[in-house]
Every structure is written in structure tokens, then in C-alpha cells.
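Chemist: What follows is a single structure, and I will ask about it in a moment.
The values are calculated or read from the model by the stated rules, or taken from the named source; none is laboratory data. Keep in mind the model is a prediction, meaning the values are calculated, not measured. We place every Cβ from the backbone using ideal geometry, glycine too, and count neighbours over all the protein chains shown. SASA here: full protein model, heavy atoms, side chains in, ligands and nucleic acids out. Shrake-Rupley method; radii C 1.70, N 1.55, O 1.52, S 1.80 Å.
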Amino acid sequence: MGGWKAVRPLTSTGAQMSNAYVAATELVAGQVLPAQFRHHELESDEVWGLADKTSCEHNKDFDNRYSQRATITFNDKSTITAMVKAAKGVDPALTNEEIVGKWRLITKGVIDDERGHG
């Protein structure tokens, strides 16, 4: 669903629905939270440079699973691949403390701390 080719200009919602854009954001910012999808962040040349080099391919072996695989191909054609069984929160489940921590990360800079930590 998120494997389409994102192009500028891109809305916040569109950016969140693009696997390539989200992956590039994670590599550049080290996290993918609401703050990364603010208007000024959507114009990052560094993120777009990586997103433009990214392609997504449907692999039927992953249908109806949470597994994910990413392969990076370098200029010399060498590759590295990483695979995860499922995102954390799916397997393994998050603890209550991790849920609270995630909430605080997601809402940081979006709502005031007093309301977010209430």
C-alpha cells in the first residue's frame, strides 16, 4: 500500500503513507514521529535524496504477516539486508511503561508537556 513513488510537493498525510519517504526520514532524523511531518520538514533535501533512491517491491511471501525486509545496494553493487519478524509492539508487545514513553515521544512538540504527561 505504501510502495508508491512520492513526489514533491507532498502533504503530511502523503508523506506518512509513503514507505520510501518514511524510511528516508528514519535514516536522516533517527525517528519517525509527528514532528518529522511538519510542513518545513517535508522539504528536507536530505530526506528527498534518499527517498528518490528508494524503491519498494511487493513480495507475496510477506502477505498477511508483519515481517519486513530491507536491502541496501551500494554503488559497488554490494548489499546488506536486514529482516525483522514484526515491529516492536506487535511482537514483542509493549510494556505499560513503553506505551507511556511512546505516547510522550509522539506528542512531544505537538501538544504541551503538561497535557501530554497528565
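Chemist: Could you sort 86-92, 70-76, 16-22 so that the peptide with the highest average Cβ count within 10 Å comes first and the rest follow in order?
Modeler: 16-22, 86-92, 70-76
Chemist: How high is the FRET efficiency from ASN96 to GLN16, r the C-beta distance, R0 35 Å, rounded to 0.05?
Modeler: 0.85
Chemist: What figure, in Å² to the nearest 10, do you get for the accessible area of LYS108 with a 1.4 Å probe and non-protein molecules left out?
Modeler: Around 140 Å² of this residue is reachable by solvent.
Chemist: Any chance you could give the angle, 0 to 90 degrees and rounded to 10, that helix 19-29 forms with the longest Cα principal axis of the chain?
Modeler: It is inclined by approximately 60 degrees.
Chemist: Distance between Cα centroids, the stretch 32-62 to the stretch 64-118: provide it in whole Å.
Modeler: Taking the Cα centre of the stretch 64-118 as reference, the centre of the stretch 32-62 is 15 Å away.
Chemist: Determine the relative contact order of the stretch 15-80: mean sequence separation of Cα pairs under 8 Å and six or more apart, normalised by residue count, in whole percent.
Modeler: Contact order relative to length: 28 percent.
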